[in-house]
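Here the structure is laid out as structure tokens; the discussion comes afterwards.
The values are calculated or read from the model by the stated rules, or taken from the named source; none is laboratory data. This one's a predicted model, so the numbers in the text were calculated from it and none came from an experiment. Here the Cβ positions follow ideal geometry from the backbone for every residue, glycine too, while neighbour counts run over all protein chains shown. Only protein heavy atoms, including side chains, enter the accessible area calculation; ligands, DNA and RNA are left aside. Shrake-Rupley method; radii C 1.70, N 1.55, O 1.52, S 1.80 Å.
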Amino acid sequence: MKTRLVLMVMLLGILSACSSFRETGVSEDGAVRQIMTEHTEEIEIPAEPERVVLFRAIDAGNASLLAGNVAGVTDVVRDTRLADEVLDEDVVYLEHGDLEALKALDPDLIITFTPDEYLFEYQDIAPTVQINYSTSAFSPFRDRLYLAHLYNLGVILNRQEEAEALGDEWLEETTRLQREVGSLTMDKKAMVLVEGPDSHYIYGRHSSFGTEAVYDVLGFQMDDPLEEVLEGGPVEVSIGDLADYEAEYVFINTRETDSGVDSKVAETMGIDEENVIMQDYDDYRLNDLISIEMQAEDIIERIKP
């Protein structure tokens, strides 16, 4: 029995080592680092990249927090509060698939999502790291995907300690915020809706679109039957379907704030229309740490008596 237990512990240690972003080596002159990714793939990248391109929206704000040298970011970030208030004026916004514009930036490191159909083309231009949206069970902050992604980016940019410190500081800030708003959110159920082309989707915890701010940071609760339904991911619904679930607050991510959907949701769910809060689709989808803090502050202002 003891032998089996020791073997299991060793196996868990091996899985942990193989499943998390980490540095696995540095060149003799210190100019090149080798990292292991979630794909158990070793990649050589510049130790201090000077022209980084980010094709994941979540990385734009996080790279700013980590003082990364960013030359270009995904076009998804353009015209958001993050772009207006945080990103450098000279950062270039790139449309996915615009390889000529990418080459013109002369990047020395590209970070993208997986799967990305242009991966091989990127690799011809510069070292390229792919990142899953999900993360390893062994990663730091694994219960909070948004912090795990901050940490992974920190490993890639050679800012691992800074990323971990930022995550720890944010957890302390989250505790403070929950104490501040506890009477407003502790026993209140909330639902997060995202506008689709022809209908809406309900999103669960740790799914961007403000779910981090609503459930993790501010401590809103979720209706138990709804939580079970969302175990497999976001669920498409009509407004009429919302009558099956309970919530005192509904947060709707939309591109049309005056569409009238807020009054329909309020009537269907039997709640005050002021408790149906419209959120800007583009701002709330980013899910970097800066944006989540902005979202939490916005929501607090909206729910204060």
FRET efficiency, Thr24 to Glu227 (Cβ-Cβ, R0 51 Å, nearest 0.05): 0.85
Could you order peptides 214-220, 82-88 by the average number of other Cβ atoms within 10 Å of their residues, highest first? 214-220, 82-88
Cα axis of helix 145-156 to longest principal axis of the chain: angle in degrees, 0 to 90, nearest 10? 20 degrees
What label, among (1) 34, 58, 9; (2) 31, 53, 16, 0; (3) 29, 59, 12, belongs to P(r) over Cα pairs in 20 Å bins from 0, in percent computed from the structure on display? (2)
Determine the share of segment 201-255's accessible area contributed by carbon and sulfur atoms, expressed in whole percent, with a 1.4 angstrom probe. 40 percent
Separation of the Asp106 and Asp90 label points, Cα + 7 Å toward Cβ, nm: 1.2 nm
Using packing as a proxy for protection, rank 69-80, 194-205 so that the peptide with the highest average count of other Cβ atoms within 10 Å comes first. 69-80, 194-205
Over the chain, what is the percentage of antiparallel beta bridges among all DSSP beta bridges, to the nearest 5? 40 percent
Sort 182-192, 225-235 by packing, meaning the average of other beta carbons within 10 Å per residue, with the highest value first. 182-192, 225-235
When DSSP assigns beta bridges and you keep just the ones with both residues in segment 130-277, what percent turn out antiparallel, to the nearest 5? 45 percent
Note to self: with every protein chain in place and a 1.4 Å probe, the chain gives an accessible area per residue in Å² of 50 Å²
